[in-house]
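Notes follow once the structure below has been shown.
Read-outs throughout are calculated quantities, based only on the coordinates presented, and are distinct from any laboratory measurement. Please read all numbers here as calculations on a predicted model, not as lab measurements. A quick note on method: Cβ atoms are made from the backbone with ideal geometry, for glycine too, and the neighbour counts reach across all protein chains shown.
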Amino acid sequence: MTTAAVTLKGQVTIPVEIRRKLGLRQGSRVEFRVLEDRVELAVAHRPGDLNTQGFGMLKSKRKPVAADFDAAQLLRGSR
């Protein structure tokens, strides 16, 4: 059994082993049920799949480039 401390604000960190087993990550929603003298935590919502291709994960100050851009032209324009 794993234990965790309750903070002054009433927050508890779910241990990493449990988060992994339940597939919890940022954006996940959980619900609590009080059962006599204990609490049950259940997964209410898991966010969609992570973007496996990485597109759109990084922010840039450059203007977006069309999907059919000419890389040589792009390089010539930056000089």
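Order the peptides 36-44, 11-19 from the highest to the lowest mean number of other Cβ atoms within 10 Å of their residues. Walk me through the numbers before you get to the answer.
On the way: 36-44: 9.1, 11-19: 11.2.
So the order, starting with the most tightly packed, is 11-19, 36-44.
If the viscosity is 1.567 mPa s and the temperature 4 °C, what Stokes-Einstein diffusion coefficient in µm²/s follows for region 1-49 when Rh is the Kirkwood radius over Cα pairs?
Estimated diffusion coefficient is 106 µm²/s.
Among Ile18, Val39, Thr3, which residue has its Cα furthest toward the positive end of the charge dipole of region 1-49, with +1 on Lys/Arg Cβ and -1 on Asp/Glu Cβ?
Of the options given, the answer is Ile18.
FRET efficiency for His45 and Val12, Cβ-Cβ distance as r, R0 = 22 Å, nearest 0.05? Display every interim value, and only then the final one.
Values: r = 19 Å, r/R0 = 0.86.
Calculated value: 0.70.
Give, rounded to the nearest 20 debye, the magnitude of the charge dipole that region 1-49 has about its Cα centre when Lys and Arg contribute +1 at Cβ and Asp and Glu contribute -1 at Cβ. Before the final figure, lay out each step's value.
Values: 9 positive and 6 negative charges, 47 e Å.
It works out to roughly 220 debye.
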